[in-house]
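Undergrad: This is the structure I want to talk about, given as structure tokens.
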Amino acid sequence: MGIHAVFGALADPTRLAIVERLLRTGDLTAGEIAAPFEISKPAISRHLKVLEEAGVVERRVERQFRVFRARPEGFAQMEDWLEKSREFWNGSFDRLERIFAQEERRDAKDE
């Protein structure tokens with residue numbers, strides 16, 4: 001899946017909370033994931049499906065339980081995009097600082 005799917009999946013507060021919890025605690029069953037939320041289990045299942053399709057969580061079956069875990073590798077595209085954005089903005093701010101410094105030198109000469 002692409003970066004749009006990852007950002008789209010994580011844009012929902014419930015899905016983001018699910019992923020954060022999985023990253024913090026490790027593997028959880030669907031029931032454990034659903035426990036703190038005040039929404040139906042089918043709604044949690046739909047959220048988990050979106051997260052699976054985006055590639056940020058994966059499911060395995062252990063006996064009668066569906067166990068989910070976060071897939072850190074599913075965030076790689078997002079990390080790449082954030083790094084490129086960081087480089088762009090750092091470069092832009094560096095250029096802006098140079099422009100301000102040039103303007104300050106010109107103003108100092110004019111005084």
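The values are calculated or read from the model by the stated rules, or taken from the named source; none is laboratory data. Computed from a prediction, not measured in an experiment: that's the story for all the values here. Positions of Cβ are generated from backbone atoms using ideal geometry, with glycine treated the same way; all protein chains shown enter the neighbour counts. Heavy atoms of the whole protein, side chains included, go into the accessibility calculation; ligands, DNA and RNA do not. Shrake-Rupley method; radii C 1.70, N 1.55, O 1.52, S 1.80 Å.
Undergrad: Within the stretch 24-58, how many residues turn out to be exposed (fewer than 14 other Cβ atoms within 10 Å of the Cβ) and of a type in the set (A, V, I, L, M)?
TA: Residues in the stretch 24-58 being exposed (fewer than 14 other Cβ atoms within 10 Å of the Cβ) and of a type in the set (A, V, I, L, M): 3 in total.
Undergrad: Inspect all residues belonging to the stretch 83-93 and state whether any of them is open to solvent by less than 90 Å² (accessible area, probe 1.4 Å), modelled with pLDDT under 95 and under 17 Å from the mean Cα position of the chain (by Cα).
TA: Start the filter on the stretch 83-93 by keeping residues that are open to solvent by less than 90 Å² (accessible area, probe 1.4 Å), which leaves 83, 85, 90-92.
Filter again for modelled with pLDDT under 95, leaving 83, 85, 90-92.
Next, only the ones that are under 17 Å from the mean Cα position of the chain (by Cα) stay: 83, 85.
Yes - at least one qualifying residue is present in the stretch 83-93.
Undergrad: Another question, if that's okay. Could you say which residue among Gln77, Gln102 is out of contact with any strand residue (DSSP E or B) (no Cβ under 8 Å at 6 or more places or on another chain), of a type outside the set (Lys, Arg), assigned to a helix (DSSP H, G or I) and touching a residue at least 60 places away in the same chain (Cβ under 8 Å)?
TA: On the way: Gln102 fails: touching a residue at least 60 places away in the same chain (Cβ under 8 Å).
So the residue among Gln77, Gln102 that is out of contact with any strand residue (DSSP E or B) (no Cβ under 8 Å at 6 or more places or on another chain), of a type outside the set (Lys, Arg), assigned to a helix (DSSP H, G or I) and touching a residue at least 60 places away in the same chain (Cβ under 8 Å) is Gln77.
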